Every structure is written in structure tokens, then in C-alpha cells.
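For reference, the structure is listed below as C-alpha cells.
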Amino acid sequence: MMKLSGLEIFKYLPGAQKANHTNCKECGCPTCMAFAVKLAQKQTTYDRCKYMPEELKNLCIKNIKAPQKTVKIDGLKIGGENVLYRHEKKFINKTIFAVVVDCSLPDFNEKLKRIKNFEINRVNEKIKVDLVILKNAGKHKIKNLCDETVYIEEKDFLNLSLNRIVDNNFHKTAKELVKIRTKAIENRDEKYSDPVYVYFKSNSNKYNLCARGAYYLCKYANMLVFEDFDETLFATLMTLRQNIYTDPQKPLQVESKIYEFNNPDENSLVFMTTNFALTFFAVANELANLKVPSYLIVTPAGGMSVLTAFSAEKFTSKMVAKTLKKFDLINKVKTRKIIIPGLLAPMKNELQKALPDFEIIVGTIEAYSIAEFVKNIT
Ligand code: SF4
């Protein structure tokens with residue numbers, strides 16, 4: 001059963017047959033072709049068109065079935081993907097990172113302790129190892145070593161419906177991963193519908209491991225299983241994972257409001273940025289770590305970074321003036337200085353005109369320079 005393209009769907013619709021109801025818009029789309037394209041991209045459902053022939057309806061019902069199964073281990077979900085490319089929709093379940101711990105080895109407790117202690121915090125997300133696979137667990141009942149990490153005994157893990165690739169050869173593994181995902185998604189081939197994991201045997205070449213892990217993470221491993229546990233390797237690959245597993249149709253954004261750091265009062269510093277999550281957390285982390293009380297005004301800019309918002313006219317002096325009015329900044333603080341991101345230096349004069357009650361100060365381009373900048377102005 002092949003995935004239907006927009007053109008294939010269109011062939012069945014009244015628009016292609018020049019039949020009654022052609023481009024009637026009852027489905028909410030301006031034309032039958034627009035509906036066909038949306039349906040192919042799963043942005044609408046087949047039942048929105050009442051004039052669809054039975055043959056196409058049946059094809060659509062078959063297509064609705066998830067092309068890749070989802071396997072669950074406690075709260076972890078593995079697989080369940082239904083697109084080849086992230087921009088088509090989004091990837092559903094993050095690639096799981098698993099470590100094998102062999103309880104027959106003398107250092108297994110020390111390895112578990114390192115896994116437990118591993119944690120990175122990025123864009124407001126706490127990232128830990130997802131899964132520990134216990135080998136030769138025997139009498140060792142390891143439970144709840146840490147809330148975020150799931151444990152499974154190797155014998156139970158091997159009984160799961162997962163496709164396993166032992167990584168002995170980069171080209172072979174990469175090719176196999178693409179073949180399995182393509183057959184599952186494009187061809188809806190049941191034989192390839194199990195999620196797939198890549199197993200890395202012990203390897204002291206961390207560079208090689210990192211390069212391979214990064215490639216398989218992008219295309220198309222549902223899980224990466226490592227015999228070794230290396231903190232730097234995991235931190236690197238899991239940071240990459242965080243960037244891949246976002247919804248490309250929804251920019252990462254935070255609420256537009258005034259954020260407070262270190263108990264500010266009416267005389268505290270006032271910073272400004274956009275509601276793009278990466279920018280916000282970079283600036284917010286710096287401000288939180290300063291010993292100086294401050295406010296951060298987050299303007300609504302469609303989740304765009306400062307420069308993109310400026311270029312797309314989502315960060316204009318008019319909009320900034322409106323935001324400050326909405327937040328009633330003039331009555332909230334006595335401070336009459338607003339520090340804008342360094343990247344917005346070109347719009348300083350324009351902002352100054354729009355905000356005559358405040359002095360506009362151009363701040364730093366990078367968030368990590370804020371501490372130094374603050375030292376010089378306080
Ligand atoms: Fe075409 Fe059906 Fe939409 Fe009417 S409801 S425009 S016939 S797809």
C-alpha cells in the first residue's frame with residue numbers, strides 16, 4: 001500500500017472529473033487540488049469531502065493506519081513515526097538513548113551511578129538517559145535509581161518487537177536504516193513496521209561513535225543502544241536530538257510578558273528580547289545568575305529570534321511601544337532605560353522616537369556577555 005500523493009488523490013476528486021461540486025469549497029479548501037494536497041500531507045481528513053468516491057475513501061482508510069508501530073517500555077515510546085522528513089509534519093517520538101549495564105562486571109554500580117548523575121538542562125528541558133538495559137541482572141533488582149530513567153532486563157528487552165542493527169559498518173547501517181524507514185513510510189510495508197534500534201558495541205573511538213550516532217539519529221534510528229556510557233558523547237548527541245525533535249511548524253516560544261530576576265524593584269534594570277525560546281532561555285539564564293535584580297520584557301514576535309523578527313517586521317517600534325503600554329511599564333518602574341539586544345542596534349533611533357519616555361541602550365549581541373555589560377553600566 002503506497003502513500004498517496006496529492007496528485008493521485010486529486011485524480012479521484014470532482015475537480016479532476018469536471019463533475020458536479022468541483023471546487024465547491026465545502027471541505028474548507030478553495031479548490032479540489034488544494035484539498036488533495038492537504039489530505040496527502042495529513043493536514044485534513046478524507047471525510048471533509050462528501051463527494052469523494054468510495055474507492056478513494058477506502059484507500060484513505062488504509063493509509064490512516066500508522067506505518068510504523070509504537071513500542072512502549074513503561075512511559076517510553078519508541079517509533080510511531082509517519083513521515084520521512086521532519087518538514088512534512090514532525091517527528092513524533094524522540095530517538096531513545098539506552099545504555100547496557102552488565103551486572104556481572106565489577107564496576108556496574110559505578111556505571112549506574114554515573115548514569116544517575118548525568119543530567120543536562122537546555123531550553124527549559126531536563127535531559128537524562130532514557131533507558132538502562134540490565135544484563136545479567138540476576139539477584140540485582142535495580143529500581144527507581146532515578147525517576148526519569150526507565151530500566152528493563154535484557155531478556156525482556158530482547159522480546160520486544162524491535163528491529164535490531166548491530167553497527168559494524170557505517171555505510172551498511174546507514175543504508176539499512178533508510179531502507180527500513182522508507183519501506184515503512186512510503187510503501188506501508190508491514191515487514192518493516194517495527195521500530196529500529198542501532199546497537200553500538202564497546203568502542204574507545206568516541207569521535208567515531210559520536211559521528212555515527214549523530215548520523216543515525218538524523219536518519220532514522222528510533223533508539224541508540226550503547227555498551228559504553230560516556231557523558232560528553234551523550235550530552236552532544238542528546239543536544240542534537242533536542243534540536244531535531246521540535247515541531248518545525250511551531251516555533252519554540254515562551255509567553256510574552258515581563259519576567260523578573262533576583263527580586264527587582266522600581267529602580268532595577270530593564271532588558272528586552274523576543275519570545276523565541278532559545279533566545280529567551282539564553283538571556284534568562286544569564287540574568288538569573290547575575291547578582292543584580294532585573295526585568296526582562298519579552299515581546300510577542302511569533303517565536304522568531306531577534307534578527308529574524310526584525311527582518312520579518314515582527315519586531316517594530318510600533319509593536320514594542322504597544323507591548324510596553326500593555327505591560328504598563330511606565331508605571332511599574334522608575335527606571336527610564338531599556339536595554340535592547342545588540343543585534344537591534346540599527347533600530348535604536350526608530351525605537352527612541354517611538355518611546356520618548358525611555359532611553360534606549362544597545363546591549364550585547366551574545367547573552368554570555370551580559371554580565372560584563374552590566375558591570376560597566378551599574
Ligand atoms: Fe472538491 Fe470535495 Fe472540496 Fe468540494 S468538498 S472542493 S468537491 S474536495
Rh (Kirkwood, all Cα-Cα pairs) for the stretch 1-140, Å, reads 19.1
Any residue on another chain or 5+ positions along whose placed amide H is under 5 Å from the amide H of Val150 is listed here as Leu131, Val132
Once both label points are put 7 Å beyond Cα along the C-beta direction, the Thr31-Lys179 separation in nm becomes 4.1
Shape call for the stretch 112-259, from the Cα gyration tensor axes a ≥ b ≥ c (a/c under 1.5 means rounded, otherwise prolate when a/b beats b/c, else oblate), comes out oblate
One finds, for Asn262 and Lys318 with R0 = 41 angstrom and r their Cβ-Cβ distance, a FRET efficiency to the nearest 0.05 of 0.85
Put in order of increasing Cβ neighbours within 10 Å, starting from the fewest, His171, His21 give His171, His21
Cα-Cα longer than 27 Å, checked against Lys42/Lys69; Lys94/Lys135; Lys314/Lys353; Lys90/Lys201; Lys90/Lys206; Lys126/Lys155, kept in input order, equals Lys90/Lys201; Lys90/Lys206; Lys126/Lys155
What the Cα atoms of the stretch 173-298 span along the principal axes, largest first and in whole Å, is 65, 37, 17
Answer in debye to the nearest 20: the dipole magnitude of the stretch 49-142 about its Cα centre, from +1 Lys/Arg and -1 Asp/Glu charges placed on Cβ, is 200
Taking R0 as 25 Å and r as the Cβ-Cβ distance between Asn58 and Ile92, the FRET efficiency 1/(1 + (r/R0)^6), rounded to the nearest 0.05, comes to 0.50
Here, Lys155 and Asn208, labelled 7 Å along Cα→Cβ, have an inter-label distance in nm of 3.4
The chain: antiparallel bridges as % of DSSP beta bridges, rounded to 5, reads 25
Treating every alpha carbon of the chain as one equal point scatterer without solvent, the Debye formula yields log10 I(q)/I(0) values at q = 0.06, 0.11, 0.12, 0.13 Å⁻¹ of -0.36, -0.96, -1.02, -1.06
Using eta = 1.002 mPa s and T = 20 °C, Stokes-Einstein with Kirkwood Rh from Cα pairs puts D for the stretch 258-375, in µm² s⁻¹, at 152
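Every read-out reported here was derived from the displayed coordinates using simple, explicitly stated rules and does not represent laboratory data. Here the structure is a predicted model, which means the values were calculated and not measured. Heads up, the Cβs are rebuilt from the backbone with ideal geometry, glycines too, and the neighbour counts pull from every protein chain shown.
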